Amino acid sequence: MRERIQEAVSWTRNERYEEAIEIFEKYLPKLFSDGDIQDKRFAAAAFSFYGLCVAMFRRKYAEALKYRNVSVKANFMDPEHRINLALVYLERNDRKNAVRNLEAGLRLQPSNKRIQQIFAEIGRRKPVTFSFLSRDNPINVWLGRLREP
């Protein structure tokens with residue numbers, strides 16, 4: 001059972017969401033309800049990937065976030081779950097929460113290549129010129145436009 005779930009995790013990483021979701025739905029509930037504490041911890045981690053599949057394949061973002069939050073709470077020190085949560089937020093066009101979770105993942109593992117790759121794809125804001133002024137302050141906006149190439 002764990003091998004099949006691990007296979008579904010691998011498929012999720014390769015963006016084969018439809019195939020992965022079938023395995024998750026067949027084995028995750030059984031593992032989570034009948035398994036020992038190690039199985040439940042493993043299942044909680046797998047919920048991260050199941051939530052990503054629900055968001056990407058079924059486009060049910062609220063349901064996906066529910067599964068993702070279970071996983072993040074159970075495995076809060078694993079940046080991979082933050083990455084999956086950020087991908088769900090990006091899929092539903094919530095860039096602010098996506099960036100917040102990616103930054104949380106970087107605090108856990110500053111050298112994480114996947115997070116750096118996602119930031120390279122979506123871009124990052126440059127720091128404001130005057131941090132004591134808001135980003136929307138006309139002075140910061142004007143100076144920010146001046147320093148753009």
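Using C-alpha pairs below 8 Å separated by at least 6 residues, the relative contact order for region 18-149 is 15 percent.
Regarding the chain, what whole-number volume in Å³ per residue does the convex hull of its Cα atoms give?
130 Å³
Here the Debye sum runs over all C-alpha atoms of region 1-47 as equal scatterers in vacuum, and log10 of I(q)/I(0) at q = 0.13, 0.28, 0.31 Å⁻¹ comes out as -0.24, -0.97, -1.13. Derived scalar couplings between HN and Hα for region 74-84 equal 6, 10, 5, 9, 9, x, 4, 6, 5, 4, 4 Hz in order, rounded to whole Hz, by the Karplus curve 6.51 cos²θ - 1.76 cosθ + 1.60 (θ = phi - 60°), x for Gly and Pro. Once the 1.4 Å probe is applied to the protein heavy atoms, the chain comes out at 62 Å² accessible per residue.
Summarising the label geometry, the points placed 7 Å from Cα in the beta-carbon direction at M1 and V141 lie 5.7 nm from one another.
Orientation-averaged projection of region 22-98 equals 4.8 nm² [convex hull of Cα atoms, one quarter of hull surface area]. Built from the Cα atoms of region 81-149, the convex hull projects on average onto 5.6 nm², one quarter of its surface area. The local environment of I83, defined by Cβ-Cβ distances under 11 Å, has a net charge of +3 under the rule Lys, Arg +1 and Asp, Glu -1.
Dividing the mean sequence gap of close Cα pairs (under 8 Å, 6+ apart) by how many residues region 84-149 holds gives a relative contact order of 16 percent. Given a cut-off of 20 Å, name the pairs among K30/K60; K66/K96; K96/K126; K26/K113 whose C-alpha atoms lie farther apart than that in the structure shown. Exceeds cut-off: K30/K60; K26/K113.
The values are calculated or read from the model by the stated rules, or taken from the named source; none is laboratory data. Computed from a predicted model, the values in this text were never measured in an experiment. Counting neighbours? That spans all protein chains shown, and the Cβs are built from the backbone with ideal geometry, glycine included. These accessible areas exclude ligands, DNA and RNA; they are computed on the full protein's heavy atoms, side chains included. Shrake-Rupley method; radii C 1.70, N 1.55, O 1.52, S 1.80 Å.
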